[in-house]
Each structure stands twice: as structure tokens, then as C-alpha cells.
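Engineer: Here you go, one structure.
Please treat every number below as a calculation from the coordinates, not as lab data. All values reported here derive from a predicted model rather than from experimental measurement. All Cβ positions, glycine included, derive from the backbone under ideal geometry; neighbour counts span all protein chains shown.
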Amino acid sequence: MDKLLEIKELCKSFGDHLVLDHITTDINRGDVLCLVGPSGGGKSTFLRSLNLLEMPTSGKIYFEGTDITDPKTNIDNVRKKIGMVFQHFNLFPHLTIMENMTLSPINVLKLSKDEAESKAKELLNRVGLMDKKDTYPNMLSGGQKQRVAIVRSLMMNPDVMLFDEPTSALDPEMVGEVLDVMKELAKEKMTMVVVTHEMGFAREVANRVAFLDQGQFAYENNPDKFFKDPNNERLKNFLSKVL
Amino acid sequence: MENIIKALQLNLIKDNRYIYLIDGLKNTMIITLFATIVGIVLGLLISLIRTTYDNTNGLKNSNAILRVLIKFANAICQLYITIIRGTPVVIQLMILFFCIFTSRNASGVLIAIIGFGLNSSAYVAEIFRSGLMSIDQGQMEAGRSLGLSYLDTMRLIIVPQAFKVVLPSLCNEFIVLIKETSVAGYVAVQDLTKGGDIIRSRTYDAWTPLLIVAGVYLLLTCIFSAFVKKLEVSLRKNERTN
């Protein structure tokens, strides 16, 4: 198996509160790992640690063999290969959709404006938002914003995509359009780590589902076992509440 | 009516006294313009140092040298703001003029530019800082997770948005600055106010030159406000919903 991310004994505490408690796991190329669990369980913190938006208190994270927690590692070089999609989209409101997408490729990957724009058009076509390219983010619906946020990350050709509750801030009728884009990505063998409350999505798309509770991977299995026959009391309790 | 025309004739036309006002206006505008530039550049720099220090917990995740550097810079900036905001601008000008630049060839206008620029920068720094702090943390996270460096994210994403937020207070600050330059006469600069003073001392008429000078200041601030209003509208184009 080709290990993309290796997480070793990862701990994170905020003050006295231990949010991540010695998590060790690997994420392989092509994995779609869904993280579920109660709020406060550490899902988002774990995800945000993977590109150092949260600095681990202790432990190591290797990305493609590089220890990214080492202060000598240039984190910007790592982050351009790790796409991230946020709950609240975080599009840049002062830039058009096209500018949102081309900003980083032009400034970081040093693509020419033409190259970046033609690539952006291709991606916008794929998610059916070509006609929005010259509008500003606040003219888009939540679902459209999130689709733009996803393709904005894809502009960088990331090796892995992190999703932090990508559908939690959406009106119910818009959840589907975002999940469809994510399913497409999974089909193309994109490595994905997804914090989600969409159990249907986890069951259908993930190859691994992990239950994060009290800062630990309390249970992990393939979706079939995970949802049908979990061998864990806390998970059973959790699933009985959300399913 | 006849009296007014007579007064204007005496205060403006006779002996080409209007020249005092024109020259004064020129100096006032030069001082304001360049002090504004100094204020914005220095103020932005100070606010970036202060915001970076606050937001990153003193660059907690960087190496030791950078941590010491930012801590030192932040302390300097805080001290600077405290002193500049805590003392009258006239005193600051006079210290520059009589204590620091004591050379006889030091130009009063240059000293006024430096003095008002430094003074304004302390206020501008706090205005910018409030703007930078008002931008959602998610914007920085989005920029950084796209691989942009901290400085690029600031430059391309945070500062442009913050600028729009602070434009009204920034405008207010510069209206204050235009008027504040009227104390430049203290350091031998012949600005608009001083020009009016000279005419008064020649004609013994207080009303006419003072009212004219007041009118010119009012005109200046109105023109400036109108210009900023235009700028605000054009910056807000992305907020319209259709």
C-alpha cells in the first residue's frame, strides 16, 4: 500500500483539554476516509492537523514521507498538495469566481493567467458553474459556493483533499449537488478525508469509516461492518441517535 | 454689499495679498498629501506587525529568532502608538523643529510632513488593525491551505478586504489631518492658516481672511469626502446582489 499520510501518536490539547489523544493511523493513496462522531470528539481538529491549521501538541505527521511537524519543513510547499474544503466555504468575497480559482495557481504554481484560466474553465464546466465565472461569491447559493470551493482546491492538483463538514452549512436541498461532486472525485481515485454527518455518503463512498470519540479513533472499519455490526458500545449509541 | 467688496479688495487684491493664501494652500496640500502617504505606509506596517503578533500568538510555531524579533517589534509599535497618541501634535512638531532638525536649512514643510505623517501613522495603525481583525479567520485559513504564504495571504486576501472595511474611518482620519495641518505655522511653515494670519496683520481685518480660510478648508474636506464616497461605491461593487 502506498502511504500518503502517516500519523503517529498525534496529540493536541487546548489548555488542559486533551482533544486528540495519541492517534496513530495511515492514510493510503486512494483512500476515502470518513470521520464521524459526536461534536467535541476531535474530528475537525484531527482533520485540521493534517495540514497544520492546528499545530499538534505532540506526535508526528508524515506527508509523502516528509515530517510536516518538523519546523524546518516549508509548510507552504506541503499545503499546496493538500486541498481543503471548509464548512463555511471561505471563498474570497472581494474576488470573482474566476479570480478565486486562479489566485493561488498564479501566485504559488506560477502558472500564466491564460493557463490558469483555461484550467479553471475546464473545472467550472465540470461542476456546471461556467456561467458564474465573472460573478462574486455572494451572488451564489450555498451549494454553488461549496462546489466552487472544491474546484478552487482542485486547481492546485492536490494529492489529497480534506473536507471539514462540507455540507453542514447548506440548506438540505443543496446537500446533494455537493455530495455528487465529491462522489465524482472519489470515483477518480482522489484520496479524501471527510468529516461528515452524512451517513449515507459515508456508507456509499468511503472505504474506511472511523468513529472519533474522546480524542481517539474509538472504532474503525469498512462501511459495511461499521454501520451494520459495530463492535463498540459508544458507536452503537451514537449511530442509534443519528440514523 | 459695497462693504463686502471693499473688504475683499483690501484683503485679497491690494498688494496681491491673495498670493499669501495661494502659497499657503499649496503648502497645506503638499503637507497633507505627503503626510497621508507616510501615515498610510507606516500605519499599515505597524498594524501588520501588531496583528501578526496577536493572531499567531507571537509566531508561536516559528523559530526562536523570528519570535524574539516579532516580540520586540510589537513592543516598539505599542510604545510608539502610546507616545504619539498621548502627546499633542503641536508639541511633536516643535520637538522635531527645535530639538531634532536644528539645522538652519531644514525645511519647515519637510518637518511638517514628517511630523504629521508620524502622528497620523499611529492613528492609521489602529484603524487598520481594527480592519484586519474584523476579517474572518477562515479567509487566512483558506489562503494558507491553498499554499499561499502568510505575507501573500495578507497582501492578496486580507488587506484588500480590510481596506474596504476601514475606508470610512480612514477618510475621517484624513479630514482631521487636513485641518490639523493648520498648526504648521508653529514651525515657521507658511500654510493656509498662516497666510490668512499675515493678511490680517496687514489689513487689521480679522473677519474676512479668517472666513475665507475657513471656507477653503471646508471646500477641501468636502472634495475629499466626495472622492472617498466614489471610491467606496466602486469597491463595493461585489456586494451588489444583481
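Engineer: Give me the orientation-averaged projected area of the Cα convex hull of the range A:70-132, in nm², one decimal. Numbers along the way, then the final one.
Structural biologist: Working: hull surface 22.2 nm².
Dividing the Cα hull surface by four gives the mean projection, 5.6 nm².
Engineer: In the range A:83-177, how does Rg compare with the Kirkwood Rh, expressed as the Rg/Rh ratio over alpha carbon atoms?
Structural biologist: Answer for the range A:83-177: 0.94.
Engineer: Moving on. For the cross-link pairs A:Lys80/A:Lys183; A:Lys133/A:Lys189; A:Lys187/B:Lys237, which exceed 32 Å when the distance is taken from alpha carbon to alpha carbon?
Structural biologist: Result: A:Lys187/B:Lys237 exceed 32 Å.
Engineer: Continuing with this model, one more query. Using Cα-only point scatterers and the Debye equation, what is log10 of I(q)/I(0) for the range B:53-197 at each q in 0.11, 0.19, 0.21 Å⁻¹, rounded to two decimals?
Structural biologist: Results for the range B:53-197 at q = 0.11, 0.19, 0.21 Å⁻¹ read -0.58, -1.13, -1.25.
Engineer: Something else about it: Helix A:113-126 versus the longest principal axis of chain A: what angle, 0 to 90°, nearest 10, using Cα atoms?
Structural biologist: Here the helix axis deviates by roughly 60 degrees.
Engineer: Rounded to two decimals, what is the ratio between the C-alpha radius of gyration of the range B:44-132 and 2.2 N^0.38 Å?
Structural biologist: For the range B:44-132, the normalised Cα radius of gyration is 1.31.
Engineer: Percent antiparallel among DSSP beta bridges with both residues in chain A, to the nearest 5?
Structural biologist: Antiparallel bridges make up about 55 percent of those DSSP assigns within chain A.
Engineer: Could you tell me what percent of the DSSP beta bridges with both partners in the protein assembly as shown are antiparallel, to the nearest 5?
Structural biologist: The antiparallel proportion sits near 55 percent.
Engineer: May I ask you to derive the relative contact order of the range A:84-159, considering only C-alpha pairs under 8 Å and at least 6 residues apart, and to give it as an integer percent? Walk me through the numbers before you get to the answer.
Structural biologist: Numbers: 74 pairs, mean separation 36.6, N = 76.
In percent, rounded to a whole number, it is 48.
Engineer: Would you work out if the range A:1-78 is rounded, prolate or oblate? Take a ≥ b ≥ c from the square roots of the eigenvalues of the alpha-carbon gyration tensor; rounded if a/c is under 1.5, else prolate when a/b is larger than b/c, oblate otherwise.
Structural biologist: It comes out oblate by the Cα gyration axes.
Engineer: Okay, moving on. Label the range A:36-92 by shape, choosing from rounded, prolate and oblate, from the square roots a ≥ b ≥ c of the eigenvalues of the Cα gyration tensor; if a/c is under 1.5 it is rounded, and otherwise prolate applies when a/b is larger than b/c, oblate when it is not.
Structural biologist: oblate
Engineer: Within a 10 angstrom radius of the beta carbon, how do A:Leu4, A:Leu20 rank from fewest other beta carbons to most?
Structural biologist: If I rank by nearby Cβ atoms, fewest first, I get A:Leu4, A:Leu20.
Engineer: Ignore the peptide's own chain and count Cβ atoms of other chains within 10 Å of each Cβ in B:133-146; give me the average, rounded.
Structural biologist: If you average over the peptide's residues, the count of other-chain Cβ atoms is 6.
Engineer: As a check on your grasp of the helix formula, calculate [θ] at 222 nm for chain B: sum -39500 (n - 2.57) over DSSP H runs of n ≥ 4, divide by the residue count, round to the nearest 500.
Structural biologist: -24500 deg cm²/dmol
Engineer: For a test of the definition: using alpha carbon positions, the gyration tensor, and the 1.5 limit on a/c, classify chain B as rounded, prolate or oblate.
Structural biologist: Note, shape of chain B comes out oblate.
Engineer: Please report the Cα spread of the range B:1-72 along all three principal axes, rounded to whole Å, starting with the longest.
Structural biologist: So the extents along the principal axes, rounded to whole Å, are 75, 21, 13.
Engineer: Sticking with this one: Report, in debye and to the nearest 20, how large the dipole of the protein assembly as shown comes out about its Cα centre when Lys and Arg carry +1 and Asp and Glu carry -1 on their Cβ.
Structural biologist: 1200
Engineer: Follow-up. Can you list the aspartates and glutamates whose alpha carbon sits under 18 Å from that of A:Lys12, skipping same-chain ones fewer than 8 residues off?
Structural biologist: Here the aspartates and glutamates satisfying the reach criterion relative to A:Lys12 are A:Asp21, A:Asp26, A:Glu54, A:Asp67, A:Asp70, A:Asp164, A:Asp213.
Engineer: Below 8 Å, C-alpha to C-alpha, sequence gap of six or more: please give me the relative contact order for chain B in percent.
Structural biologist: 30
Engineer: What are the DSSP H helices in chain B that stretch 15 Å or more along their long axis, judged by alpha-carbon atoms, and whose average Kyte-Doolittle hydropathy comes to at least -1.0?
Structural biologist: Helices passing the filter in chain B: B:18-55, B:64-86, B:108-134, B:159-180, B:192-203, B:207-235.
Engineer: Is any residue of the range A:41-61 close enough, with backbone N under 18 Å, to a label point placed 7 angstrom from the Cα of A:His197 along the Cα-Cβ axis, and if so, which?
Structural biologist: A:41-47
Engineer: Could you give me the ³J(HN,Hα) list for the range A:130-146, computed from phi with Karplus coefficients 6.51, -1.76, 1.60 and θ = phi - 60°, whole Hz, x at Gly and Pro?
Structural biologist: Rounded to whole hertz, the list is 4, 6, 9, 4, 9, 9, 9, x, 6, 8, 9, 6, x, x, 5, 4, 5.
Engineer: Taking the number of other C-beta atoms within 10 Å as the exposure measure, put B:Thr181, A:Thr69, A:Thr24, A:Thr196 in order starting with the fewest.
Structural biologist: Sorted ascending by nearby Cβ count, the order is A:Thr24, A:Thr69, A:Thr196, B:Thr181.
Engineer: Then there is this: What fraction of the DSSP beta bridges in the range A:52-195 is antiparallel, stated in percent and rounded to the nearest 5?
Structural biologist: In the range A:52-195, approximately 20 percent of DSSP beta bridges are antiparallel ones.
Engineer: Relative contact order of chain A: what whole-number percent is it, with Cα pairs under 8 angstrom and at least 6 residues apart?
Structural biologist: Once normalised by length, the contact order is 27 percent.
Engineer: Tell me, what is the FRET efficiency for B:Ile65 and A:Arg126 to the nearest 0.05, using R0 = 51 angstrom and their Cβ-Cβ distance as r?
Structural biologist: E(calc), rounded to 0.05, equals 0.65.
Engineer: Can you give the Rg to Rh ratio of chain A, both from alpha-carbon atoms, with Rh computed by the Kirkwood formula?
Structural biologist: 0.97
Engineer: For B:Lys6, give me every one of the lysines with a C-alpha distance below 28 angstrom, ignoring sequence neighbours fewer than eight places off in its own chain.
Structural biologist: Output for B:Lys6: B:Lys14, B:Lys26, B:Lys194.
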